[in-house]
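Before any comments, here is the structure.
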Amino acid sequence: MRILPHALVCQEAVDLVSDYLDGALSRRDRRRLEKHLANCDACTAYVEQIRVTIAASGMVGPNDLSPEALETLADLFRRFNDEK
Amino acid sequence: MSPSPAWGMFHLFSNVRRRYGGRVDDSELLTRLIDGDERAFAEIVTRYQSLLVRVARLYVKSDASAEDVAQDTWIAVLKGVERFEGRSSFKTWLLHILVNRARTTGSKESRVLPIDLTWSEGSALSKRFDEGGFWREAPVPFTEAIENGIVNAPLVALVHEQIEKLPEVQRAVVTLRDVEGLSTTEVASLLDITEVNVRVILHRGRSLVRSAIETTLQGGVS
């Protein structure tokens with residue numbers, strides 16, 4: 001007898017979202033999650049929150065390299081070129 | 001050796017791109033770097049130095065040690081850039097050099113990456129669910145932070161601020177995967193952990209950032 005997986009509840013669904021958005025779920029888990037999402041606005045909103053979080057992470061943030069650190073490395077470059 | 005006319009065109013082209021706010025490709029900067037252009041080196045350093053220090057910090061015990069490893073990496077880049085064949089991206093090549101050095105230094109300092117794989121978002125948010133495992137109160141999409149389909153600047157800043165606050169392993173994985181856009185395979189190889197571990201850590205990091213944003217946005221609603 002084939003044992004069918006039980007339907008997901010929200011508390012289980014949230015643990016599949018990150019892999020789902022990366023395309024890393026097994027076909028079985030993807031189907032289970034998509035079936036759940038089709039009937040659950042709350043989890044669909046959760047997926048959207050994670051999606052926005054990932055999108056925002058990939059957008060360029062502030063660059064925090066200090067002028068002193070940059071000068072130290074520029075000096076390294078000059079010395080390297082002088083020795084060449 | 002005097003620069004060829006093609007070089008003149010190249011410089012003109014890169015200036016035009018910069019003027020219009022476009023990002024100059026790493027490969028263009030590397031070509032200029034090999035030619036001894038200090039500004040190209042400064043730009044590449046500005047692009048990657050903080051990433052290098054952050055990743056090195058996973059292997060060594062102090063910020064100073066991480067900065068030394070990053071500096072050694074730049075010396076290796078200057079020595080080896082002419083042999084870089086572009087089979088991988090410059091970023092991947094750079095990070096491999098860094099991680100090799102950081103590992104050597106790190107093993108001298110005998111540091112082990114702490115990884116907890118037992119974590120679950122469902123358990124972390126358990127108070128948000130009823131006995132049946134369904135949301136007591138549905139999450140609210142971050143629509144107020146989206147303008148014309150694009151995430152707005154305050155949310156981008158908030159997300160980066162929260163990534164910086166993550167515990168170090170999650171910070172590294174989220175930084176490499178989501179901020180820097182490396183693949184799960186590349187992240188696993190760089191950090192010398194399995195892809196399954198990368199995915200678990202990534203899931204946890206993203207979940208923590210999401211929670212922090214949700215709290216901030218809801219707290220910020222007047």
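A few notes on this one:
- Across the stretch B:205-221, the qualifying residues are those that are of a type in the set (A, V, I, L, M, F, W, C) and over 19 Å from the mean Cα position of the chain (by Cα), and the one among them that is modelled with the lowest pLDDT is B:221.
- Residue B:176 assigned to a loop (DSSP other than H, G, I, E, B) and under 13 Å from the mean Cα position of the chain (by Cα): no
- Here the helices (runs of 4 or more DSSP H) wholly within the stretch A:10-58 that include at least 1 residues being more than 9 Å from every other protein chain (Cβ to nearest Cβ), in contact with a Pro (Cβ under 7 Å, 6 or more places away or on another chain) and crowded, with 19+ Cβ neighbours inside 10 Å are A:27-38.
- Restricting attention to the stretch B:117-129 and to residues that are in contact (Cβ under 8 Å) with a residue 12 or more places away in the chain and part of a helix (DSSP H, G or I), the residue that is nearest to the other protein chains (Cβ to nearest Cβ) turns out to be B:121.
- Where a residue in the stretch B:130-149 is free of Cβ contacts under 8 Å to residues at least 24 places away in the same chain and its partner, wherever it lies, is in a loop (DSSP other than H, G, I, E, B) and of a type in the set (Val, Ile, Thr), with Cβ under 8 Å and at least six apart: B:132/A:9; B:133/A:9; B:134/A:9
- Scanning the stretch B:44-76 for residues that are closer than 15 Å to residue B:30 by Cα and at the interface with chain A (Cβ under 10 Å from one of its Cβ atoms) yields B:44, B:45, B:46, B:47, B:48, B:74, B:75.
- Selected residue [in the same structural domain as residue B:45 (by TED's automatic domain parsing) and over 23 Å from residue A:73 (Cβ atoms)] from B:137, B:85: B:85
The values are calculated or read from the model by the stated rules, or taken from the named source; none is laboratory data. Owing to the predicted nature of the structure, the values given are computational and were not obtained by experimental measurement. Neighbour counts run over all protein chains shown; Cβ positions are idealised from the backbone, glycine included.
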